[in-house]
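Undergrad: Pasting a structure below so you can have a look.
The values are calculated or read from the model by the stated rules, or taken from the named source; none is laboratory data. From a predicted model like this one, the values you see are computed outputs, not experimental measurements. Here Cβ is always computed from backbone atoms with ideal geometry, including for glycine, and neighbour counts include all displayed protein chains.
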Amino acid sequence: MSSYKLQIKDIAKSHNQTIAVCDALIKQYQSEPETKLIIDFSDCDFIYPDYAILLLCTIKYLEHLGHKVSGTIKLGANKAIITYLAKMNFFENLNVELPISIPKFNHYNAVQIQKYTSDNQIEVLNSILKVLREKSSMYDNVYASLDYCFNEILDNVLNHTDEKVGWVVAQYFENLNSIRLIVCDFGMGIHKSLNQKHDFTEEEAITKCIESGITNGKGQGHGLFATASFIRLNKGWLSLISGKKKLNVSEKKTIVKDIPNWQGTCVYIRINTNVDVDYKEFTSQFYDYKKQVFENLFEN
């Protein structure tokens, strides 16, 4: 039985680096199924939750394939990252018992890593939006846009998976006036999903999925188009990750990059809470979405 060390510092750098580490982990278990995993937190002080959830989703994918992923957690000198990830529900979702005591948290005060399905999608959506609205000071137009696009993203990820399960986490960074949010799964991916109706190459699929009306036949093909439009207006960032392609969308450009393989779909957005937008440019022309959102807030 071999051991395999995964250094958290190696996935704390970028989405691309995290995906490379996750792809290598999958290949390790494919070649040596009895591998004992060592997750090493040495020399790492911080990791964005959207990096951590990619590792979590990869381990869940390995378990889905029938692998028993077990081993040890090696703590570093800095316990702050352990406390932070515990607060984000990283270890609880891995079913890991830590060898140190962790302070109790008010789970209503943080947006934790959550699994969602079509059954609890709206509940997860509302719980995350509630915390983000209370924690951040964002323009009402930005909140209405986030409400609209976030729901579309949650729905879209489930639409592109045959597993009907997704993972989500978000965090507000006050010093940056920004929210980082990611939704991911380990399903069939965008290429295979869209080719249930089309005949796209992998690059065509990930490029065209942000165009209006492009769908696998199960939706209206508006969600990712609206999200890309929101991101451009907000001067934020959108990354779509699926298979061996990554699409980056910003105010100035849209580009496709080659990446190590991701076994499903990831939708990552970074939005600026202090950059206003006109939500009517990408929501329905037939009714005022912002009015509906704030009427619902008042009712709740």
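Undergrad: Given the condition small (Gly, Ala, Ser) and touching a residue at least 12 places away in the same chain (Cβ under 8 Å), answer yes or no: does some residue in segment 92-101 qualify? Lay out the reasoning, then the answer.
TA: Taking segment 92-101 and keeping what is small (Gly, Ala, Ser), we get 101.
From what's left, touching a residue at least 12 places away in the same chain (Cβ under 8 Å): none.
No, segment 92-101 contains no residue that is small (Gly, Ala, Ser) and touching a residue at least 12 places away in the same chain (Cβ under 8 Å).
Undergrad: Please report, ordered by residue number, the helices (runs of 4 or more DSSP H) entirely within segment 39-139 with at least 3 residues that are over 17 Å from the mean Cα position of the chain (by Cα).
TA: Working: elements: 49-64, 80-87, 90-93, 121-135.
In segment 39-139, the matching helices (runs of 4 or more DSSP H) lie at 49-64, 80-87, 121-135.
Undergrad: Also, quick follow-up: Go through (1) within 30 Å of Ala86 (Cα to Cα); (2) at pLDDT 90 or above and name the single condition Val157 misses.
TA: (2)
Undergrad: In segment 140-192, which residues are within 18 Å of Lys246 (Cα to Cα), assigned to a helix (DSSP H, G or I) and touching a helix residue (DSSP H, G or I) at 6+ places or on another chain (Cβ under 7 Å)?
TA: Residues of segment 140-192 within 18 Å of Lys246 (Cα to Cα): 153, 156-157, 160-161, 180-192.
If we keep only those that are assigned to a helix (DSSP H, G or I) too, we end up with 153, 156-157, 189-192.
Within segment 140-192, Ile153, Asn156, Ile190, His191 qualify.
Undergrad: While we're looking at this one, here's another question. Give the residues of segment 19-42 that are within 26 Å of Thr265 (Cβ to Cβ) and among the aliphatic types (A, V, I, L, M), sorted by residue number.
TA: Ile19, Ala20, Val21, Ala24, Leu25, Ile26, Leu37, Ile39, listed by residue number.
Undergrad: Filter segment 273-300 down to the residues that are in a helix (DSSP H, G or I), surrounded by fewer than 22 Cβ atoms within 10 Å (Cβ to Cβ) and either at pLDDT 85 or above or of a type outside the set (D, E, K, R) (or both) and list them by number.
TA: So in segment 273-300, the residues in a helix (DSSP H, G or I) come out as 279-281, 289-299.
Okay, now just the ones that are also surrounded by fewer than 22 Cβ atoms within 10 Å (Cβ to Cβ), so 280-281, 289-299.
Across segment 273-300, the qualifying residues are Lys280, Glu281, Tyr289, Gln292, Val293, Phe294, Asn296, Leu297, Phe298.
Undergrad: In segment 224-272, which residues are surrounded by fewer than 24 Cβ atoms within 10 Å (Cβ to Cβ), modelled with pLDDT under 95 and within 18 Å of Phe150 (Cβ to Cβ)?
TA: Across segment 224-272, the qualifying residues are Phe225, Ala226.
Undergrad: Among the listed residues Ile214, Ile231, Ile206, which satisfies the condition of being in contact with a Lys or Arg (Cβ under 9 Å, 6 or more places away or on another chain), assigned to a helix (DSSP H, G or I), under 19 Å from Thr283 (Cβ atoms) and without any contact (Cβ under 8 Å) to a residue 60 or more places away in the chain?
TA: Numbers: Ile214 fails: assigned to a helix (DSSP H, G or I); Ile206 fails: under 19 Å from Thr283 (Cβ atoms).
Being in contact with a Lys or Arg (Cβ under 9 Å, 6 or more places away or on another chain), assigned to a helix (DSSP H, G or I), under 19 Å from Thr283 (Cβ atoms) and without any contact (Cβ under 8 Å) to a residue 60 or more places away in the chain holds for just one of Ile214, Ile231, Ile206, which is Ile231.
Undergrad: Assuming Ser137 fulfils every condition listed in (1) polar (S, T, N, Q); (2) closer than 30 Å to Asp276 by Cα; (3) free of Cβ contacts under 8 Å to residues at least 60 places away in the same chain apart from one, which condition is it?
TA: Only one criterion in (1) polar (S, T, N, Q); (2) closer than 30 Å to Asp276 by Cα; (3) free of Cβ contacts under 8 Å to residues at least 60 places away in the same chain is unmet by Ser137, namely (3).
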